1. Once you order the gyration tensor axes a ≥ b ≥ c over the Cα atoms, which shape class does the range 35-102 get: rounded for a/c under 1.5, otherwise prolate or oblate by comparing a/b with b/c?
2. Ignoring ligands, DNA and RNA, what percent of the 1.4 Å accessible area of the chain is carbon and sulfur?
3. How much mean residue ellipticity at 222 nm does the chain get from its helices, if each DSSP H run of length 4 or more adds -39500 (n - 2.57) and you divide by all residues, to the nearest 500 deg cm²/dmol?
4. Give me log10 I(q)/I(0) at q = 0.19 Å⁻¹ for the chain, Debye formula, one equal scatterer per alpha-carbon, no solvent.
5. Given contacts defined as C-alpha pairs under 8 Å and at least six residues apart, what's the relative contact order of the chain, whole-number percent?
6. Which angle from 0 to 90°, rounded to the nearest 10, does the C-alpha axis of helix 17-27 make with the longest principal axis of the chain?
7. Excluding ligands, DNA and RNA, what is the solvent-accessible area per residue of the chain at a probe of 1.4 Å, expressed in Å²?
8. In straight Cα distance, which aspartates and glutamates are under 17 Å from LYS78, not counting same-chain residues fewer than 8 positions off?
Amino acid sequence: MNAALAHEPLRLIAEDAEDLKMIAAALQDAVGRIGDIRYEPAARTLTVALNRFRWEAGNQRGERVRTALQLGGVLSVKARKLRQGAPDAVLALLDIDFEPGEAPGGVVAFIFAGGGDLRCAVECIDVVLADVSGAWPARGKPEHDQG
């Protein structure tokens, strides 16, 4: 990867399931607090602030950056196995998935470590991701069981 690109803030837009997979890959192993998830029913938006691991930086130890993700056209949000009464509880994002419904809508599902998820019924895929801070050294590189 070009060294200059590795330091540029990430800005991504998803308008279909393939685009959403790119955002999911960029957010794999992101961490955040339950209190950093905001659903605004009147505006039909869900906004999530996370500290994402910068996989694109490519260095050994790694770094993290504060990032914001916003979904538009959100019809409803359902949480399962998330400690909603604990705004400081930390969540580790494993994946984001799209389950098609009546086209172009469906469900955008955020899958967290520990078995919790957040399911957002959406009119269509309308997702924006933007880094909102500079990077800082990560405590370590996330590891995954290969089994």
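1. Judged from the Cα gyration tensor, the range 35-102 comes out prolate (a/c at least 1.5, a/b above b/c).
2. 52 percent
3. Theoretical 222 nm ellipticity from helices: -2500 deg cm²/dmol.
4. -1.19
5. 30 percent
6. The two axes meet at around 50 degrees.
7. Here the residues of the chain average 58 Å² of exposed surface.
8. The reachable aspartates and glutamates, counting only those whose Cα sits under 17 Å from LYS78, are ASP36, GLU40, ASP95, ASP97, GLU99, ASP117, GLU123.
The values are calculated or read from the model by the stated rules, or taken from the named source; none is laboratory data. Because the structure is predicted, anything quoted here is derived from the model rather than measured. Calculation scope for accessible area: heavy atoms of the full protein, side chains included, ligands and nucleic acids excluded. Shrake-Rupley method; radii C 1.70, N 1.55, O 1.52, S 1.80 Å.
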